[in-house]
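Since every read-out is calculated from the coordinates, none of them should be taken as a lab result. Quantities reported herein were computed from a predicted structural model and do not represent experimental measurements. With ideal geometry, Cβ positions are generated from the backbone for all residues, glycine too; neighbour counts draw on all protein chains shown.
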Amino acid sequence: MTIVALNYTGMQLDRAGAARNAPGWSEQQLQRKEARIVPLWRYQHLVSHPDTQATPKLVTLSLAEARAAQPNLGDLVFLGLCEQEQPFFAADFSSLSESDAGSVKPDCELYDLRRIGPLMDQGEASMMAYSRAMLYWHRHHRFCGRCGSHTESRRGGHMRQCMNDKCGKEIYPRTDPAIITLVENRPAPGEQPKCLLGHSKRLPQGVYSTLAGFVEPGESLEETVVREVEEESGVVVDQVKYMASQPWPFPGSIMVAYRATAKTTAITIDEEELDDVRWFSLEEVRQFGEWEDETAEFRLPRPDSIARFLVNSWLQDHAGK
Ligand SMILES: [Zn+2]
């Protein structure tokens, strides 16, 4: 299996999964003078020089710089060690004002990963995705799901523990699986290959994407593909083939991508989710405009998304036809 280098994958840090569980280990790492802190303000990152032609850079701080900006740093999340064993942590600066958070260092600005992600270096973009997903998880697990008591961060931020002695539940970071599928037709001899794309109300005008949905309890990923495609479009599929996966920290998912073949072609749109679903021929998809091109009638999914990877790989497989 080829591992596809999608955006938000390919983090270069060693997560040091075994070491970070040892008591006191991540605190020791934080005290090392080389330690770097990745500040986040309401899930946005500090990025330097985003408007020049050069690749934007993720801004990190020394522990002293981080404390100067935010004296009560709270619990930091250990992210990993870089090749030179330098430890990286994520810190939540959300209690600062937006202008204070944005001026922690000169010549930088707060950016949402959804805006800046496609422009970043792949390793940095994946570290941003990881830190964002971890801080989101902490913020949403401050109380125990079993007894409602307060929880505290442990193991460098990779576990939260319920502080009620009678409970003591350990809570671990989770990611929600979602499937995303490019459905292709079974072309009759002489017919062009076609794929099924939809326009969701959440997407900008003209952007058509592959169909997607969350996995429900008690369902395999392949069963989700069959169910979601039929629910959203009325099309029945089989031959569900795995293609690739991508962390999607908006806010805490992993997208698992498939290609499937249609057994039926008639479309019935789920109007709660989508306002249009269509079959597009190879030629029509080749004419789609870029994601940001507002003048184009039909536009491709955003370039950092796995939906775009699915469309691109379908086009490549039919190159020359
Ligand atoms: Zn509890």
Q.
Under 5 Å between amide hydrogens, which residues at least 5 positions from Lys57 or on another chain qualify, with H placed 1.01 Å from N in the peptide plane?
A. Ser48
Q.
Run the simple label-point estimate for Glu223 and Asp75 please: 7 Å along Cα→C-beta, distance reported in nm.
A. 3.5
Q) Relative to the longest principal axis of the chain, what angle (0 to 90°, nearest 10) does the C-alpha long axis of helix 221-233 take? A) 60
Q: Could you tell me which of Thr9, Pro189, Val59 has its Cα farthest along the dipole of the chain towards the positive end, charges placed at Cβ (Lys, Arg +1; Asp, Glu -1), taken about the Cα centre?
A: Val59
Q) Among Leu182, Leu221, Leu282, whose mean-square fluctuation peaks in a Gaussian network model of the chain (Cα, cutoff 10 Å)? A) Leu282
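Taking Cα pairs under 8 Å and at least six residues apart, what relative contact order does the stretch 176-317 come out at, in percent?
Working: 294 pairs, mean separation 43.3, N = 142.
Taking the mean separation of contacting Cα pairs over the length of the stretch 176-317, I get 30 percent.
What FRET efficiency comes out for Ser200 versus Ala68 if R0 is 45 angstrom and r is the Cβ-Cβ distance? Round to the nearest 0.05.
Working: r = 44 Å, r/R0 = 0.97.
E(calc), rounded to 0.05, equals 0.55.
Ranked highest first by the average count of other Cβ atoms within 10 Å around their residues, in what order do 24-31, 122-129 fall?
122-129, 24-31
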Q) Calculated FRET efficiency, Lys321 and Val236, Cβ-Cβ r, R0 30 Å, to nearest 0.05? A) 0.75
Q. Spin-label point model (7 Å from Cα, Cβ direction): what's the Ala22 to Ile267 distance in nm?
A. 5.8
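When the dipole is taken about the Cα centre of the stretch 19-140, and only Lys, Arg (+1) and Asp, Glu (-1) are charged at their Cβ, what size is it in debye, to the nearest 20? Write out the running numbers ahead of the final one.
On the way: 12 positive and 15 negative charges, 48 e Å.
It comes to approximately 240 debye.
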Q. Going by alpha carbons, how many degrees (0 to 90, nearest 10) lie between the helix axis of 122-139 and the longest principal axis of the chain?
A. 70
Q | Positive dipole terminus of the chain, leading residue within Gln70, Thr210, Gln161 (C-beta point charges) | A | Gln161
Q. What is the total of Lys pairs in the chain with C-alpha atoms under 25 Å apart, excluding same-chain pairs fewer than 8 positions apart?
A. 9
**Q.** Gap separating the Cα centres of the stretch 67-117 and the stretch 260-318, nearest whole Å
**A.** 36
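Using the crude model of +1 on Lys and Arg Cβ and -1 on Asp and Glu Cβ, and no other charge, please compute the dipole size for the chain relative to its Cα centre, in debye to 20. Before the final figure, lay out the partial values.
Values: 35 positive and 46 negative charges, 242 e Å.
With only Lys, Arg, Asp and Glu charged at Cβ, the dipole is about 1160 debye.
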